[in-house]
Amino acid sequence: MKTHRTALVWFRRDLRLTDNPALLHALANAERVVPLFVFAPEEEQQWAPGAASLWWLHHSLAALNGSLRKLGSALVLQTGPSLTALRRALRETDATLVCWNKLYEPAALKRDAEVAAALDADGVSVEQTNGTLLFEPGSILNGSKLPYRVFTPFWRTLDKELVTLPAPLRAPRQLPAIPRNVSRVELDTLELLPKIAWDQGLADTWTPGEAGALKQLKDFGKHVAAYPTGRDRPDREETSRLAPHLHFGELGPRQVVATLRHAHPGAAESRGTESYLRQVGWREFAHHLLFHFPATTDAPLNPMFAKQKWRRSRADLRAWQRGATGIPLVDAGMRELWRTGWMHNRVRMIVASLLTKNLQIHWLEGAHWFWDTLVDADLANNTLGWQWVAGCGADAAPYYRIFNPVLQAKRFDPLRGYIRQWLPELARLPDRWIHQPWTAPDAVLKHAGVELGVTYPRPVVDLGESRNRALQVYSELR
Ligand SMILES: Cc1cc2nc3c(=O)[nH]c(=O)nc-3n(C[C@H](O)[C@H](O)[C@H](O)COP(=O)(O)OP(=O)(O)OC[C@H]3O[C@@H](n4cnc5c(N)ncnc54)[C@H](O)[C@@H]3O)c2cc1C
């Protein structure tokens with residue numbers, strides 16, 4: 001005999017059936033289980049999901065509903081406020097238990113605490129589980145019981161704990177039907193897809209949903225041995241591209257660890273797996289940091305940088321956003337982002353360095369643009385990434401480290417394949433000039449059909465001078 005007749009499972013960013021502790025808890029404790037998703041972007045305050053995330057969410061919800069239906073259930077969609085929607089569903093289904101997997105971002109933590117307190121006062125049982133991170137924030141602390149601010153010791157501690165991780169939970173094989181009378185809205189009425197169809201590139205690149213995530217993990221596992229050497233090459237597909245799947249919880253991090261560690265016994269594979277898991281460790285680090293330092297979504301972790309003066313230039317910001325800075329590697333990255341909703345990690349660092357250091361534009365301008373355009377936009381990872389590059393966060397790149405996009409391009413795009421893919425207007429330039437067309441002789445440009453300022457922009461900034469200016473700003477700050 002189960003304790004509850006009916007339970008609600010409040011799905012949020014755990015859009016999967018496998019290794020979903022909230023779903024499994026509900027099934028173990030109630031005869032009927034009602035899967036519910038409440039669309040309430042206003043509850044995320046100034047970090048409500050951007051356009052690319054909404055596109056992903058639409059398809060991920062459709063996929064989850066499809067999987068639930070195959071097992072005899074269905075996803076009940078509602079609009080917010082979350083508490084109102086939960087109370088309505090509780091009333092309509094006579095449910096007495098609500099289960100959800102926790103989120104750890106500041107706005108979600110506050111909302112969830114309020115919802116839990118209100119439900120408790122209503123006499124409803126609440127079960128909150130962790131399905132999002134390997135370890136909950138607060139559980140990985142340094143010797144003084146304080147949060148780590150540097151990645152390597154954080155990772156050393158976490159890595160040792162990995163052996164204690166429970167095995168991922170299996171997906172249920174069937175589910176009870178949902179009651180007929182529960183009110184719901186249709187997915188299309190949420191209007192998550194863009195009104196002007198700019199999303200073809202996203203559709204060509206991604207398969208949102210749990211099945212897409214599992215396939216991506218399986219395929220990546222086959223070439224994980226190449227990860228340590230290939231992960232810095234934007235011209236190759238050597239990274240896992242699991243970030244959006246992990247963000248929406250179509251895959252849990254425990255599944256990643258278990259799949260890669262157990263499936264690949266060879267030495268090269270296991271080196272690849274360990275190098276890869278270290279990156280998943282950065283995801284944990286980012287989430288733990290944001291939990292301990294919630295103000296960092298909008299303010300630097302290192303207070304020294306709070307007084308930094310930033311330049312305002314709409315024209316330069318726009319050139320950066322549109323991939324029209326005249327600096328090929330930066331423009332290639334920004335166009336990859338615009339077209340596919342994703343950008344290679346190394347290129348993210350380089351475009352962020354150009355914006356915050358050479359152009360001296362506030363890192364939050366860049367963070368907001370990424371927020372709107374990345375399919376993997378994630379508040380913890382994005383905040384960490386931008387503050388790391390700007391030099392004002394935890395374990396940040398030293399402030400004097402200013403990426404040189406020309407040298408970086410030569411090193412990480414040695415065959416010039418990345419530039420040629422994203423900047424076809426430069427494709428006919430010889431290798432020697434393609435990373436810095438402004439230095440090419442007129443005859444070479446002409447022969448390649450390039451007219452600077454007409455077919456391709458001149459650089460918005462002189463890389464050498466702007467580097468010196470940035471160093472000057474930083475030395476004054478110190
Ligand atoms: C300025 C900037 C902004 C960024 N914004 C985001 C963001 O909004 N969302 C996001 O998921 N990542 C962000 N990153 C981190 C990183 O670029 C992406 O996680 C990675 O490129 C995603 O591709 P992948 O899944 O193929 O990565 P892989 O190399 O296959 O890595 C595996 C997983 O590890 C995690 N990971 C890898 N690198 C990092 C990192 N540096 N910090 C945190 N987690 C990491 C991701 O979950 C990723 O899916 C940002 C980095 C920078 C420099």
(message) From the list L169, L217, exactly one residue is in a loop (DSSP other than H, G, I, E, B) and either buried (at least 18 other Cβ atoms within 10 Å of the Cβ) or assigned by TED's automatic domain parsing to the domain that holds L24 (or both). Which is it?
(response) L169
(message) Which numbered condition in (1) in contact with a Phe, Trp or Tyr (Cβ under 6 Å, 6 or more places away or on another chain); (2) more than 23 Å from W56 (Cα to Cα); (3) in the same structural domain as N29 (by TED's automatic domain parsing) is the only one that W100 fails?
(response) (2)
(request) Answer yes if at least one residue in the range 360-368 is more than 15 Å from the ligand (Cβ to nearest atom), among the hydrophobic types (A, V, I, L, M, F, W, C), surrounded by fewer than 22 Cβ atoms within 10 Å (Cβ to Cβ) and within 26 Å of V454 (Cβ to Cβ), and no otherwise. (result) no
(message) Quick test for you: out of M343, M349, pick the one residue that is closer than 30 Å to R428 by Cα, in the same structural domain as R312 (by TED's automatic domain parsing), in a loop (DSSP other than H, G, I, E, B) and within 9 Å of the ligand (Cβ to nearest atom).
(response) M343
(message) If I go through the range 220-251 residue by residue, how many of them are part of a loop (DSSP other than H, G, I, E, B) and closer than 26 Å to S53 by Cα?
(response) 16
(message) Based on this model, can you work out whether L158 counts as in the same structural domain as A243 (by TED's automatic domain parsing), touching a Leu at 6+ places or on another chain (Cβ under 8 Å) and more than 19 Å from L251 (Cα to Cα)?
(response) yes
(request) Check L260, L214 and return the single one that is of a type outside the set (D, E, K, R) and more than 12 Å from the ligand (Cβ to nearest atom). (result) L214
(message) Looking at the structure I just gave you, is D413 of a type in the set (D, E, K, R) and either surrounded by fewer than 21 Cβ atoms within 10 Å (Cβ to Cβ) or away from the ligand (no atom under 11 Å from the Cβ) (or both)?
(response) yes
(request) Looking only at the range 160-193, count how many residues are more than 25 Å from the chain's Cα centre (by Cα) and either hydrophobic (A, V, I, L, M, F, W, C) or closer than 29 Å to R87 by Cα (or both). (result) 17
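The values are calculated or read from the model by the stated rules, or taken from the named source; none is laboratory data. It should be emphasised that the depicted structure is a prediction, and the values quoted were computed from it without experimental measurement. Cβ atoms come from the backbone with ideal geometry, glycine included; neighbour counts cover every protein chain shown.
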